[in-house]
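No lab work stands behind these numbers, since they all come straight from the coordinates. This structure is a prediction, so every number in the text was calculated from the model and none was measured. Quick reminder, even Gly has a Cβ in these numbers, built from the backbone with ideal geometry, and neighbours come from all protein chains shown.
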Amino acid sequence: MRITKIDTTAVRTPMREPLVWPGGTRHSASGLLVRIHTDEGLVGVGEAPGPTLPTIQTIIEHELVQFLLGQDPLRVEWLVHRMEEFSRNWSRIANYAISGIELALLDLKGKALGVPVAELLGGFSRDRVPVVGYLFIDTPEANADKAAAFVDAGYTELKLKVGRDFEQDHDALAAIRDRVGKDVKIRIDANMIWSVPAAIKWIRGLEQFDLQYVEQPVPDFDLAGLAQVRRCVSTPIAADEGCTDVRSALELIKADACDVLVVYPSEAGGLRRAHQIGTLADAAGKWCTIGSWAELGVATIGNVHVVAASSNFPFASDTHYPLQEFDVLTEPLEMSDGLVEVPRTPGLGVELDPEAVDRLANYEVRESVFYDDIQGEAPRVGQIL
């Protein structure tokens, strides 16, 4: 079997409502669909999420395609290694492209061998994967209502974006905790918005709400600062933006800078590299969880397969999927009771809906991720003290 063609399609769906976080307001979710065709008629489907889809699309169609055409698609490790070697000097952006290709290769290999992707990653450690109820910056009352709705739907873990205003964060957590009770896990994510002194001060001020962990309170490059915050607070600390690939995970472990590594398969260069981070962290006594780039259905189910095949992802995975208006799958993913059933059918276990792909490929929606549409002139910095 040989690869005959690779095609890509950029798609976008609006969110059900604007999602406010420390760095801006997200109005939509987008992804680059990747399809790998073979001379035997099998087609593998992947998705590359990321910050700049035109660049990712160019990398796949004009740079990485040369390593794929005419090759045996079952040689996933060899093909990915060649692409990684080629893009080593610009791996931060290339990894997004490689992740979409690798996902399509794994889907194709699973279909060819008649096994689900989780089997290709080491086998099933669980049949269902928990996902988090995702809360963004809003009024305390609105956040409490949304938290209660998630819990009523069966979710047992919540995640709240924080960092714009300490009093608002405090009041939101107080309202949420009062509404959902003490048994529901709550984590917060500051998205690098605090200085080291502010992070220590604010985390200590919020620990009364029994936080599961705090994500990336300080900038991603400040490993020493992250380690200092970790030493000075009682709540576990997670590295998110600072954990991009296997090498950055290794540096975080060497610095003993965090308790939890937030893993993005798209940033790591694919499901297999994400799985490797889980194994590496386990050897160092650290935990992992899956982060979300607002993936659509294809990449979301890919993330589910990673967790299903690992024993070191004990927390509910991040996902924006329930917050998205549309998707590209023939059958939308079900998140019943805050759980996703891991497909047992060959490959990823999902299929694209051609009509939905065509519709979302031409969907125009305003996108503003990194700057707030209301406070557009506000600097991208957090509270110093």
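May I ask you to work out the translational diffusion coefficient for segment 3-114 at 20 °C, viscosity 1.002 mPa s, via Stokes-Einstein with Rh from the Kirkwood sum over Cα pairs, reported in whole µm²/s? My calculation gives 146 µm²/s for D. Summing charges over neighbours of residue 5, with a neighbour being any other residue whose Cβ is under 14 Å away from its Cβ, gives -2 when K and R count +1 and D and E count -1.
Between residue 311 and residue 17, the simple spin-label model (points 7 angstrom out along Cα→Cβ) gives 4.2 nm. Panel order for 119, 331, by other beta carbons found within 10 Å of each beta carbon, from fewest to most: 331, 119. For residue 201, the lysines whose Cα falls under 28 Å of its own Cα, not counting residues fewer than eight places away in the same chain, are 146, 159, 161, 182, 185, 254, 286. The mean sequence separation of alpha-carbon pairs under 8 Å and at least six residues apart, normalised by the residue count of the chain, gives a relative contact order of 23 percent. A full extension of the chain between residue 128 and residue 5 corresponds to an added length of 40.9 nm, given 0.36 nm per residue minus the alpha carbon distance. Note on residue 42/residue 359: beta-carbon distance plugged into 1/(1 + (r/R0)^6) with R0 of 30 Å gives a FRET efficiency of 0.70. Here are labelled values, [x] 49; [y] 45; [z] 40, and one is the computed percent of Cα pairs over 29 Å apart for what I pasted. Which one? Entry [z]. Taking other C-beta atoms within 10 Å as the exposure proxy, 321, 264 rank 321, 264 from fewest upward.
Each residue of segment 176-193 is assigned a 3J(HN,Hα), and the resulting list reads 5, 4, 5, 6, 9, x, 8, 7, 7, 7, 10, 10, 10, 9, 9, 6, 6, 7 Hz, derived from the Karplus form 6.51 cos²θ - 1.76 cosθ + 1.60 (θ = phi - 60°), x at Gly and Pro.
Here the 3J(HN,Hα) profile of segment 59-76, calculated from phi with Karplus coefficients 6.51, -1.76 and 1.60 at θ = phi - 60°, is 4, 5, 7, 10, 10, 8, 4, 5, 8, 10, 4, x, 8, 6, x, 7, 8, 4 Hz, Gly and Pro shown as x. Quick one: if the Förster radius is 35 Å, what FRET efficiency do residue 85 and residue 345 give, using the C-beta to C-beta distance and rounding to 0.05? Working from the Cβ atoms, E equals 0.55.
Each residue of segment 321-329 was assigned a 3J(HN,Hα) from its phi angle through the Karplus curve 6.51 cos²θ - 1.76 cosθ + 1.60 (θ = phi - 60°); the sequence is 3, x, 8, 8, 6, 9, 8, 9, 8 Hz, with glycine and proline shown as x. Per-residue ellipticity at 222 nm computed for the chain from its helices equals -11000 deg cm²/dmol, with DSSP H segments shorter than 4 residues left out and the rest contributing -39,500 (n - 2.57).
Modelled spin-label separation between residue 231 and residue 113, with each label point placed 7 Å from Cα along the Cα-to-Cβ direction: 4.5 nm.
Label reach from residue 152 (point 7 Å along Cα→C-beta): in segment 181-207, amide nitrogens under 17 Å belong to 181. Between residue 182 and residue 77, the modelled labels are 4.9 nm apart [label points 7 Å from Cα along Cα→Cβ].
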